[in-house]
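Here the structure comes first, spelled out in structure tokens, and everything after it is commentary.
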Number of protein chains: 6
Amino acid sequence: MFAVEVRDHIMIAHSFRGDLFGPAQKLHGATFVIDVAFFREALTQDGVVVDIGRAHDALKATLSPLNYQNLDALPQFSGQNTTTEFLCKHVFDAMAAAAREGRLGPGGEGVSKIRVSIEESHVARAWYEAAL
Amino acid sequence: MFAVEVRDHIMIAHSFRGDLFGPAQKLHGATFVIDVAFFREALTQDGVVVDIGRAHDALKATLSPLNYQNLDALPQFSGQNTTTEFLCKHVFDAMAAAAREGRLGPGGEGVSKIRVSIEESHVARAWYEAAL
Amino acid sequence: MFAVEVRDHIMIAHSFRGDLFGPAQKLHGATFVIDVAFFREALTQDGVVVDIGRAHDALKATLSPLNYQNLDALPQFSGQNTTTEFLCKHVFDAMAAAAREGRLGPGGEGVSKIRVSIEESHVARAWYEAAL
Amino acid sequence: MFAVEVRDHIMIAHSFRGDLFGPAQKLHGATFVIDVAFFREALTQDGVVVDIGRAHDALKATLSPLNYQNLDALPQFSGQNTTTEFLCKHVFDAMAAAAREGRLGPGGEGVSKIRVSIEESHVARAWYEAAL
Amino acid sequence: MFAVEVRDHIMIAHSFRGDLFGPAQKLHGATFVIDVAFFREALTQDGVVVDIGRAHDALKATLSPLNYQNLDALPQFSGQNTTTEFLCKHVFDAMAAAAREGRLGPGGEGVSKIRVSIEESHVARAWYEAAL
Amino acid sequence: MFAVEVRDHIMIAHSFRGDLFGPAQKLHGATFVIDVAFFREALTQDGVVVDIGRAHDALKATLSPLNYQNLDALPQFSGQNTTTEFLCKHVFDAMAAAAREGRLGPGGEGVSKIRVSIEESHVARAWYEAAL
């Protein structure tokens, strides 16, 4: 199994509902450094999984509506705790759509798995992975 | 599959028995930077795998008896080479018990896999992972 | 010249006033990973600059009122853009006070310079340094 | 499942054929930081997956013919785009041979999987993994 | 003294002349991860050293003519060993010009020092710094 | 001012005397990741500060007598707390001697400053720097 992984980041505000979250129930924020890995059983004729440039562009397009936002105020996240885990899945869904819709260029059609990792600090991160 | 991962570290002395280890048969030591990842098929109602705060606390409680110790002198490791690989399994067992005993809080009961990675330097690390 | 440096982090929300900031004028947030370095011409009798444990504690005490906060709502930052650069100076002032007031333990009295670095993402950071 | 991972690097020139690669069709180069992970179900009697020292040596021997080379001029890569993904597989094959031929020392015979990761910059990497 | 630092990277081919360089006399290449720090005695009215967005743009404009190039073939480097140290100075000169010519926006006029660091691998880097 | 910096590491055991050190008074250990930076006002005719290969070799020669040792048992450290700060100075002295004695090759004679940084964990490090 082959994989390529690209990195970008966003800087957002949000708050959480639930006693579990303690002080994080208050409005606070995070820099999320996001890695997206695309898996493919074999390389394309060009010798790649997908084009790294297009993968970077697709990730940036996915993150752009979230960057410099208060996630609590975005309709798509209404009533939702935008935890690091939850956001991994949100980015996963968008990147899976990008693969299916050909936005990753040649190779995207054969992506069999995607993993989205988000580092929230130097001591904590989360990820989500699933087959396409 | 979702995962969250937390980080802590210990500073220990130890030595190894066996020709394989060459100069590491002498009493030496290491800073071990330890990442523990908890895997869960679905998020809890709060939208998490497990609470990151409790995960950090459980890891610190596991590491505390080892920190600033000569591992050669600890009864629980008697006759054992405390290699990085071996310590991954040791921390795994303790974190698996923490999950089973409810010490990770809500979500801990559904943890299906744990992975413990230990970085022993900028050029070497080890890990152990298994289903619960 | 000797130095020791300790690391901690905070997760905050804030917004900026001024056209210069473009989209960062909106409420957003950041994980700030903060390194504080203490400089001293010579080591103490114990062979240290300052005690690393006490330095970590003093940094945590300084960061605690900021962690999980919306900095826009804190009275001490009223009318102020809480840029990464500005926060470096804020933490510097608190750590300089900690040194002067003996909260760093033996060695703190001889600290001649402090540098505070804040990483806001994997591609940007800021710092402030000055003599005491 | 246990694993140990070792790191080394090479500095090479190469170019790619295919419109997909845009400006990377020109002669350029890369520092590749390479991590090789060896997986084993159980530890050896010594308590290791494989000896880290021997693993480092085997990786260096594999990388040595590539280091400080223009990969376009090497006969073993003739007509081949030496993408990061492709090189992961190249290193994998060599490390799998090292395991089979006993060059990793005791434990090498039981290595059940190898993963080769190559970081090409702070924002992009690739990997290949397969069972032996 | 305040500072802000931004990061970008290039992937280039080159070779060195001189026995000193051993195998690096052959055509090879590197990923250079480049950090540029801007120093200023005081913050601007906006509370910054310089705008991080503009600093990133100015760095990208400086690096663009070098990215995906064989530096041996560029007229501006004719007869020159393009060592990591040399390239630090090259980038410094361009960033100093950007500051002087107002391309960093407000604050750029008061930049008193610039430092350019280039990481060529996980075990080696170089830098150049000077007052403006 | 130009600089080049090289990295290596050691794994050692030691203990500290003095109430200040709390649990670190017990025999424990550390992985020390060591960066040595060489500063020079101008580049040599070859376009370097010093040869990075020779710098790596000189650092390895300096660290070799310490690696895999219990520092408490080494005569050169008798009666001394081998703190991270202290070890920075120890490595500095050895690297300064290497520069003076020509072991860094061409360029070494003009090194005007050396800085030795030691990372003891992901959250703490120390350094020593001085003019030659």
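Figure the gain on full extension for B:Arg17 and B:Glu41 (residue separation times 0.36 nm, minus the Cα-Cα span) and round it to one decimal in nm. Kindly include the intermediate steps, with their values, before the conclusion.
Numbers: separation 24, 0.36 × 24 = 8.64 nm, distance 4.09 nm.
Extending this stretch completely gives an extra 4.6 nm.
Could you provide, to the nearest whole Å², the per residue accessible area of the protein assembly as shown with probe 1.4 Å? All intermediate terms of the calculation are to be shown ahead of the outcome.
Values: 28600 Å² over 792 residues.
For the protein assembly as shown, the per-residue accessible area is 36 Å².
Determine the shielding of peptide A:38-48 by partner chains: average, over its residues, the number of Cβ atoms on other chains within 10 angstrom of each Cβ.
Working: counts 1, 2, 1, 0, 0, 7, 5, 3, 10, 14, 10.
Counting Cβ atoms of other protein chains within 10 Å of each residue's Cβ and averaging gives 5.
Please report the residue of chain A with the smallest beta-carbon distance to the A-to-E rotation axis, and give that distance in Å, no decimals.
Whole-Å result, nearest residue of chain A to the axis: A:Arg7, 6.
Which entries in D:Lys89/E:Lys26; B:Lys60/B:Lys89; A:Lys113/D:Lys26 show an alpha-carbon gap greater than 23 Å?
Numbers: D:Lys89/E:Lys26 25 Å; B:Lys60/B:Lys89 16 Å; A:Lys113/D:Lys26 31 Å.
Violating the 23 Å limit, Cα to Cα: D:Lys89/E:Lys26; A:Lys113/D:Lys26.
Take chain B, drop everything but the C-alpha atoms, weight them equally and run the Debye formula without solvent; then report log10 I(q)/I(0) at 0.12, 0.18 Å⁻¹ to two decimals.
Each listed q corresponds, in turn, to -0.47, -0.93.
For chain D, take the longest principal axis of its alpha carbons; what is the angle in degrees between that and the long axis of helix D:84-100, to the nearest 10 within 0 to 90?
The two axes meet at around 30 degrees.
Tell me, what % of the accessible area of chain E is carbon and sulfur with a 1.4 angstrom probe?
On the way: 2280 of 4760 Å².
Accessible surface attributable to carbon and sulfur in chain E totals 48 percent.
Please give the total accessible area that chains F and B bury against each other, computed with a 1.4 Å probe and expressed in Å² to the nearest 100.
Values: alone 7260 and 7250 Å², together 12670 Å².
Summing both chains' loss of accessible area gives about 1800 Å².
If you project the alpha carbons of segment E:1-51 onto their three principal axes, what span does each projection cover, largest first, in Å?
For segment E:1-51, the Cα spread along each principal axis is 51, 20, 9 Å.
Can you give me the Cα centroid spacing of segment E:78-132 and segment B:43-114 in angstrom?
Using only Cα atoms to place each centre, the spacing works out to 46 Å.
If we hang a label 7 Å off Cα along the beta carbon direction at A:Asp93, how far is it from the matching labels on the other copies, in nm, shortest first?
Listed shortest first, these distances are 4.2, 4.2, 4.5, 5.3, 6.4 nm.
To the nearest 20 debye, what charge dipole does the protein assembly as shown have about its Cα centre, counting +1 at the Cβ of each Lys and Arg and -1 at the Cβ of each Asp and Glu? All intermediate terms of the calculation are to be shown ahead of the outcome.
On the way: 72 positive and 96 negative charges, 0 e Å.
Dipole magnitude for the protein assembly as shown comes out near 0 debye.
Once you charge only the Cβ atoms, +1 for Lys and Arg and -1 for Asp and Glu, what is the size of the charge dipole of segment C:2-131 about its Cα centre, to the nearest 20 debye? Kindly include the intermediate steps, with their values, before the conclusion.
Numbers: 12 positive and 16 negative charges, 35 e Å.
Here segment C:2-131 has a charge dipole of around 160 debye.
Work the Kirkwood hydrodynamic radius out for the protein assembly as shown: mean of 1/r over every pair of different alpha-carbon atoms, inverted, in Å. Show your work: numbers first, answer last.
Values: mean 1/r = 0.0366 Å⁻¹.
For the protein assembly as shown, inverting the mean 1/r across all distinct Cα pairs yields 27.3 Å.
How high is the relative contact order of chain A, in percent, counting Cα pairs under 8 Å that sit 6 or more residues apart?
Relative contact order of chain A: 30 percent.
Efficiency by 1/(1 + (r/R0)^6): what FRET value for D:Gln25 and D:Ala61, r their Cβ-Cβ distance, R0 = 30 Å, to the nearest 0.05? Don't skip to the end; give the middle numbers.
On the way: r = 32 Å, r/R0 = 1.05.
Given R0 = 30 Å and the Cβ-Cβ separation, E is 0.40.
Calculate the all-directions average of the projected area of segment A:32-94's alpha-carbon convex hull, and give it in nm².
Values: hull surface 20.4 nm².
For the Cα atoms of segment A:32-94, the hull's average projected area reads 5.1 nm².
Of the trypsin sites (Lys or Arg not before Pro) in segment D:1-89, which ones lie in a loop per DSSP and count no more than 16 other C-beta atoms within 10 Å? Write out the running numbers ahead of the final one.
Details: sites: D:Arg7, D:Arg17, D:Lys26, D:Arg40, D:Arg54, D:Lys60, D:Lys89; in loops: D:Arg17, D:Lys26.
In loop regions of segment D:1-89 (DSSP not H, G, I, E or B), the sparsely surrounded trypsin sites (Lys or Arg not before Pro) are D:Arg17, D:Lys26.
Once phi is turned into θ = phi - 60°, what whole-Hz ³J(HN,Hα) does the Karplus curve with 6.51, -1.76 and 1.60 give for every residue of segment D:109-115, x standing for Gly and Pro?
Those phi angles translate into 5, x, 5, 9, 7, 10, 10 Hz.
Can you tell me the orientation of helix B:52-63 relative to chain B, as the angle in degrees between its alpha-carbon axis and the longest Cα principal axis, to the nearest 10?
30 degrees
Only helical DSSP H runs with n ≥ 4 go in: add -39500 (n - 2.57) per run for chain F, normalise by residue count and round the 222 nm mean residue ellipticity to 500 deg cm²/dmol. Numbers along the way, then the final one.
Working: 2 runs with 29 residues, N = 132.
The helix-only estimate for chain F comes to -7000 deg cm²/dmol at 222 nm.
Of all chymotrypsin sites (Phe, Trp or Tyr not before Pro) in segment A:46-90, which ones are in loop regions per DSSP and have a Cβ with at most 15 other Cβ atoms within 10 Å?
Working: sites: A:Tyr68, A:Phe77, A:Phe86; in loops: A:Tyr68.
Loop-located and lightly packed - none at all.
Going 7 Å from the Cα of A:Glu101 toward and past its Cβ, which residues in segment A:63-79 have a backbone nitrogen under 14 Å from where you end up?
A:63-65
May I ask you to list the GluC sites (Glu not before Pro) in segment C:57-109 that are in a DSSP loop and have at most 13 other Cβ atoms within 10 Å of their Cβ?
Numbers: sites: C:Glu85, C:Glu101, C:Glu109; in loops: C:Glu101.
Listed in order of number, the matching sites are C:Glu101.
Can you tell me which of C:Ala94, C:Ala24, C:Ala61 moves the most in a GNM of chain C? Springs connect C-alpha atoms under 10 Å apart.
C:Ala24
The values are calculated or read from the model by the stated rules, or taken from the named source; none is laboratory data. Values in this document were obtained by computation on a predicted structure and should not be read as measured data. With ideal geometry, Cβ positions are generated from the backbone for all residues, glycine too; neighbour counts draw on all protein chains shown. The area values use the complete protein model at the heavy-atom level, side chains included, leaving out ligands, DNA and RNA. Shrake-Rupley method; radii C 1.70, N 1.55, O 1.52, S 1.80 Å.
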